[in-house]
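Quick note: the coordinates plus some simple rules give every number you see, no bench work behind them. Being a predicted model, the structure only gives us computed values, none of them experimental. Here the Cβ positions follow ideal geometry from the backbone for every residue, glycine too, while neighbour counts run over all protein chains shown.
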Amino acid sequence: MDLLSLLLPQSANLERLNELAAKRDVAALLALSRPDAVRPTAFDFLRTGGVYGGGRSGWTAHELSDADGQRKYAVFSTEMTCEDIGEQVFEWKPDGLGSKVEERYDFGLHLDTHDFVIRMDPAASKVMIEDTVTFRSTGPAQKSFQVRLGPEWRVTQVKNGSDQIVKYNQAAGTVSILRPSGDQFALKFTYEAVLDKPEMEGKMRSDEMMLSGACWWPSLARQASKCKTTIISPPDWRSFGHGARIKETLENGLRVTTWDNQIPISVLSAASGRYKIRLDKYGTKTFWTAAIDEVPEEFVIQNEVNAGIIGFYETLAKWPYPSWGSLISSRMVGGALEAYSFATYAKGWLPDIDPHETAHTFFGGVIPNTYLRSLWNESFASYFEQYYFREGVPGNRADLRLAFRDIPLGMPVFKAQAAATAGAETGSSASAIGYGRGGLVLDMLEHEIGEVAMKESIRTWLREHQPGKTGEWEDFERIVIRVSKRDIRWFFDQWLRKPGYSEFEITDTSLNQSKAGWEVAGTLRFNGTPYRLRLEALVEGDKGESQLIKLPLSSGKSSEVLKVQVPFRPRAITFDPWHRIMRNVDSASYAPNLRRSMQGRTWVRGGDEEMGEQLLGARPRTAGAALPTNLNRMILIADPRKNAEFSELLKKIPNGPIMQGSRIVWRGQSVDISKGGFAGVLELPDNQRCVLMFGHSRLTPQLGQANGVLFDDLGRPLAATRLPSRSGELHFDLQVGS
């Protein structure tokens, strides 16, 4: 018997599970699991954590008894945020841990609506919530089902629509509930939490309740649901929830505010505090900015900026809300979080032009995302960060389409997972893949199908998407194929359903004269997985001629010969000169631009210090009457009407701006120097350069990849120039027969 006991698996008791969870001992947990039910990767969450660092505070194990008394579960829990990894739940049988209850599993139910009543006890840092939730059947009825919240929330009561107690059991943030009868039913959850951890999302303080980022609502498979939010607060507080404000009254010395959101969403927010608020009306919509201790003048700028962004988004689809707000909170743990009718920002960010969080109203809101399968919505929001500047502001469209586009730099982390399946449980790499790689892929897709088809694909998806149904990359793919009338599944296969990026070189370049002119040939060789590429080639001639050639789509073979024909004698060729292909971009190939040139010292003409502060976002340290002797790597700021030396330098920028009285004129656009400005790179002898800037802007100018930009008084670009690459691994100087 003693020998037999040594051969049997160690008992999976709760103490042992908790010990192994704390140690992140994946191998030992697999040894306590049934191999026929548990995948070898089932406990990888202990190693990888979540996309936003979920699990960094450590894991604990908890026992959950099913509400119907039939099953037992092991719940692995950690502090969490609403878009990150959730609790990991496994069936627990006498012979070990069994099948994982995936968070996407819906138990044959859909959660349709929430009706929240939120009360606060600031002295105790406690938040108390009643949530009346409606469910409907979507599959075979089960005796019980599970909802999930953050583990800090304790459910104290569940009642049905007849006000009868419903049996439930809770372990950490996972709650098993006895299912009422019927195809549709309502449950009222009463639950509360003490929110006093400064490093976590969700906080209750003496002057503010911030629930943005916290998992504060009962979630079923992270399904999208409509919600009504009533917040009962001190009378001098302002409260914010999703949707439209439908009620605000003073009752018994308390302020009662109700927000109604008729768009089903998967990620919820709520906030209340002693906020100061600025409201402005633009057209039919109200824009607001609120914070506890921010400068009111900045609120005016932010509302104006947001009105412009949302006005542009309305060219894609009807904006679903009567207002938009920017909520500034020192309780927000870094960055910002979308709430579809508003967004919450960390203190110190605004005012700023932010197309990202506003884009989430469509991508994540109108088309919801659970974050469990992929971060496609973050890809779209990242894509719109530059898309807005090239498509959403008045100016030279061709200029802006070239200059305001991210360089698709391939990064090693992109190899961790395909974008189509890099969800929260992938770990931290999903962030770079979702925000970075996915957004760059959308840029490449736009180049492949064209700006018109891209915009119409986006419009069509927003118009046709079924409300409440969560979206994925495949949904957009079907729209793109239909709108573009092209079968480009190959594009989605290689860029979204495969990890990594293209790794290639071009070798054996040669130049030969032909009957039609001159032919440049080279061999495209892949160092890893072959891709089909839509390469461009910039060919430059001996006499200053140049031509941008779009090559046919490559075959996808490991190597093939490329041929480029031009009517003039070429002296050099550069493949992918505008950096349109995601690859391991050679740093030597970067063309000079403002962003990379603005790394040096700053000189400001005495008397133009305010100009310098506006353009740089900080008070310049050096001011003087005469220009520095050595201009290399300098940022020079002056009113050209008041400094002759600066004015002469400005004339040395090829086809640069000119002053006509108080107006700056450049590339068919003009602004008054008091309501806009110019920034440009000036090439100096011996491969040196400096930056010239002048004008006025209430926000620091947007630069993109431009080496020259004309901007308005909000820093938005009106015209720009960008230089192509003429160096690096894909640039070749040519000789006949070489």
Handout entry: For the chain: relative contact order, % (alpha-carbon pairs under 8 angstrom, 6 or more apart)
Key = 9 percent
Handout entry: Derived scalar couplings ³J(HN,Hα) [segment 716-728; Karplus, 6.51 cos²θ - 1.76 cosθ + 1.60; whole Hz; x for Gly, Pro]
Key = 7, x, 10, 8, 7, 10, 9, 8, x, 5, 9, 7, x
Problem - Separation in nanometres of the label points that stand 7 Å from Cα toward Cβ, at K557 and R397 - result: 3.9 nm
Handout entry: Cross-link partners of K281 among aspartates and glutamates (Cα-Cα below 17 Å; sequence separation of 8 or more within a chain)
Key = E297, E298, E304, E314
Handout entry: 12 Å beta-carbon shell around E79, net charge (K/R +1, D/E -1)
Key = -3
Practice task
Using the Karplus curve 6.51 cos²θ - 1.76 cosθ + 1.60 with θ = phi - 60°, work out ³J(HN,Hα) for each residue of segment 587-593 in order, rounded to whole Hz, and write x for Gly and Pro.
Solution key: 4, 5, 8, 5, 7, x, 8
Handout entry: Alpha-carbon Debye profile of segment 257-312, log10 I(q)/I(0) at 0.19, 0.22, 0.26, 0.29 Å⁻¹
Key = -0.87, -1.03, -1.10, -1.11
Exercise for the section: Give the calculated FRET efficiency between L279 and T529 to the nearest 0.05, with a Förster radius of 51 Å applied to their Cβ-Cβ distance. Expected result: 0.45
Practice task
For segment 418-512, state which trypsin sites (Lys or Arg not before Pro) are in a DSSP loop and have at most 13 other beta carbons lying within 10 Å of their beta carbon.
Solution key: K469, K485, R486
Completion exercise
Hits for the chain under the membrane-span-like helix rule (DSSP H, Cα axial span at least 15 Å, Kyte-Doolittle mean at least 0.5) are 438-449
Fill in the blank from the handout: Rounded to the nearest 5, the percent of antiparallel DSSP beta bridges in the chain equals 80 percent
Practice task
Provide, in order from the shortest bin, the percent of all Cα-Cα pairs of segment 2-101 in each 10 Å bin, continuing until the bin that contains the maximum pair distance.
Solution key: 16, 48, 29, 6, 1
Problem - Phi to ³J(HN,Hα) by Karplus 6.51 cos²θ - 1.76 cosθ + 1.60 over segment 358-371, Hz, x for Gly, Pro - result: 5, 4, 5, 4, 7, 9, x, x, 4, 10, x, 9, 8, 6
Completion exercise
Any residue on another chain or 5+ positions along whose placed amide H is under 5 Å from the amide H of Y282 is listed here as F287
Completion exercise
The simple spin-label model distance between E451 and D25, using points 7 Å out along Cα→Cβ, in nm, is 6.1 nm
Exercise for the section: Let me have the 222 nm mean residue ellipticity of the chain computed from DSSP H runs of 4+ only, each contributing -39500 (n - 2.57), with the sum over all residues rounded to the nearest 500. Expected result: -5500 deg cm²/dmol
Exercise for the section: Quick one: which residues, 5+ away or cross-chain, put their amide H under 5 Å from the amide H of F694? H built at 1.01 Å from N. Expected result: F678
Handout entry: Under-5 Å amide H pairs with G54, H placed in peptide plane, nonlocal only
Key = I85
Exercise for the section: Give me the number: length gained by fully extending E729 to N252, i.e. 0.36 nm times residue separation minus the C-alpha to C-alpha distance, one decimal in nm. Expected result: 164.4 nm
Completion exercise
Low-density loop GluC sites (Glu not before Pro), segment 163-236, at most 11 other Cβ within 10 Å, DSSP non-H/G/I/E/B, are E199
Practice task
Tell me, rounded to the nearest percent, the portion of alpha carbon pairs in segment 697-738 spaced more than 17 Å apart.
Solution key: 52 percent
Exercise for the section: Pairs to check: K318/K469; K23/K167; K100/K143; K515/K550; K197/K469. Give those whose C-alpha atoms are more than 25 Å from each other in this structure. Expected result: K23/K167; K197/K469
Completion exercise
Volume per residue (Å³) of the convex hull spanned by the alpha carbons of segment 609-738 is 139 Å³
Completion exercise
Over 26 Å (Cα to Cα) among K72/K228; K203/K226; K285/K455; K188/K226 -> K72/K228
Handout entry: Burial order of peptide ranges 329-342, 580-593 (average beta-carbon count within 10 Å, highest first)
Key = 329-342, 580-593
Problem - Packing-based order for 287-300, 710-723, 609-622, using average beta carbon neighbours within 10 Å, highest first - result: 710-723, 287-300, 609-622
Exercise for the section: May I ask you to derive the FRET efficiency for S662 and Q513 from their Cβ-Cβ distance with R0 = 41 Å, giving the value to the nearest 0.05? Expected result: 0.15
Fill in the blank from the handout: Checking segment 84-134 for GluC sites (Glu not before Pro) in a loop per DSSP with at most 16 other beta-carbon atoms within 10 Å yields E102
Exercise for the section: Rank by packing, highest mean first: peptides 405-412, 568-575, 312-319, 417-424, with packing defined as the count of other Cβ atoms within 10 Å averaged across residues. Expected result: 417-424, 568-575, 405-412, 312-319
